[in-house]
1. Once the Cα atoms of helix 147-162 and of the chain are each reduced to a long axis, what angle between those two axes, in degrees from 0 to 90 to the nearest 10, is obtained?
2. Relative to the present Cα-Cα distance, how much length would full extension add between residue 200 and residue 93 at 0.36 nm per residue of separation?
3. Of 273, 66, 294, whose Cα points farthest to the positive end of the dipole of the chain (charges on the beta-carbon: +1 Lys, Arg; -1 Asp, Glu; origin at the Cα centre)?
4. Using a ≥ b ≥ c from the Cα gyration tensor of the range 241-317 (square roots of the eigenvalues), is it rounded, prolate or oblate, where a/c under 1.5 gives rounded and otherwise the larger of a/b and b/c decides, a/b for prolate?
5. Hull surface divided by four, with the convex hull built on the Cα atoms of the range 275-317: how many nm²?
6. Work out the charge dipole of the range 99-199 with +1 on the Cβ of Lys and Arg and -1 on the Cβ of Asp and Glu about the Cα centre, then indicate which of 175, 186, 107 is farthest towards its positive end.
7. Mind running the shape call on the range 95-158? Use the C-alpha gyration tensor, a ≥ b ≥ c as the square roots of the eigenvalues: rounded below 1.5 for a/c, prolate if a/b tops b/c, oblate otherwise.
8. Dipole magnitude of the range 11-111 about its Cα centre, charges +1 at Lys/Arg Cβ and -1 at Asp/Glu Cβ only, in debye to the nearest 20?
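Bear in mind that the values in this text are calculations on the coordinates, not laboratory data. Everything numeric here is computed off the predicted structure, so don't read it as measured data. Please note: Cβ atoms are built from the backbone with ideal geometry, for glycine as well, and neighbour counts cover all protein chains shown.
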Amino acid sequence: MSSRTDLPEESGFARRLRVAVLGASGLLGREVFTELAQDGRFDVTGTAFSRTRAGLVSLDLTDADAVEQFFDAYRPDAVVLAAAERRPDVCEKTPERAHALNVGAVGTVARIARRHGSWMLSISTDYVFDGSAAPYRPDAQPNPLNAYGRGKLEGEHALASLNPDACVLRLPLLYGPLEAIDESAATSFIPALRAASAAQPAVIDDWAIRYPTLTTDVAVVIRQLLERVIDGMPVRGIHHWSGGEAMTKYDIALALASRLSLDPTHIIAQSTPADATPRPYDCHLDSASLELHGIGQRTPFAIGLERVLEGLQQQVD
Ligand SMILES: NC(=O)c1ccc[n+]([C@@H]2O[C@H](COP(=O)([O-])OP(=O)(O)OC[C@H]3O[C@@H](n4cnc5c(N)ncnc54)[C@H](OP(=O)(O)O)[C@@H]3O)[C@@H](O)[C@H]2O)c1
């Protein structure tokens, strides 16, 4: 029986590593899929759920039989689970559906990946922490404040019990190339900024500290982890990756206003928490466990934002 990080005998660069990106239609999954697909060492299969399209396999991860059939058909050496319900408000309102994906599907994939000898990476969140004692190392004590964080933590526990050699990568607020403005919490308030006026300013949170992290950078981190898998090195346990710039949503709003030529005096800083769903204050993730191994890429926020907005503009043109 091979361990998670052993490659099948016929590989070791004799053939490409077969990687399945589950949730390849999402904000992060798209970038992971693109990063791996342009690298000749990987043979990538991506899955989608509602946004099926040419080049992606349709798969409902809450259907265990369908997941079994997927593994039988594609026999991945490695699987990156990027599918989730990541909207905290939706997790509060429809907990069963969120649980089926953020906990149930993690367990299903973990169990089947283990049986197939596939290395597994599951994406989690900084929201497993309560935000009162940043920065957080991977071994810090979680204490989620909302249903999303609790579900993701439960998913981590399911993974650890069913597939102890698997890996978790916790991430903070993501932004990156967009299919829609509301795909990222770093851009979802653009319509409110555009609609703001002196009479009706946009009130934006200036309390919680966030570390916006570019999906393109995370995709590089995941590719680098997979390179270690190819080299037969152990890649397991919990790791963190984070952008390096501390920003509130108000800071992000000012950056957006500057780039989009909107009047910043129409944006008001909200200095106390006002979200319906409780959110942590500062969950800065200490990324040292990856940096020590030379893993990582950080694009400055100003450059990342420019690329994202250019991409949006091209969609409009
Ligand atoms: N976005 C953030 O700011 C953020 C921050 C920290 C951590 N994370 C974590 O990062 C990971 C990726 O998040 P994201 O922002 O890329 O999410 P996303 O854009 O909402 O994408 C979610 C993905 O899950 C797929 N999916 C939904 N229901 C499914 C089902 N029943 N079966 C199979 N696939 C299903 C979606 O497919 P369709 O679109 O085709 O339906 C999509 O590919 C998640 O684990 C999330 O918790 C995200």
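1. On a 0 to 90 degree scale, this one is about 10.
2. Extra length from residue 200 to residue 93 when fully extended: 35.7 nm.
3. Of the candidates, 66 comes out farthest on the positive side.
4. Oblate.
5. Directional mean of the projected Cα hull area for the range 275-317 stands at 5.6 nm².
6. Farthest towards the positive end: 107.
7. oblate
8. 280
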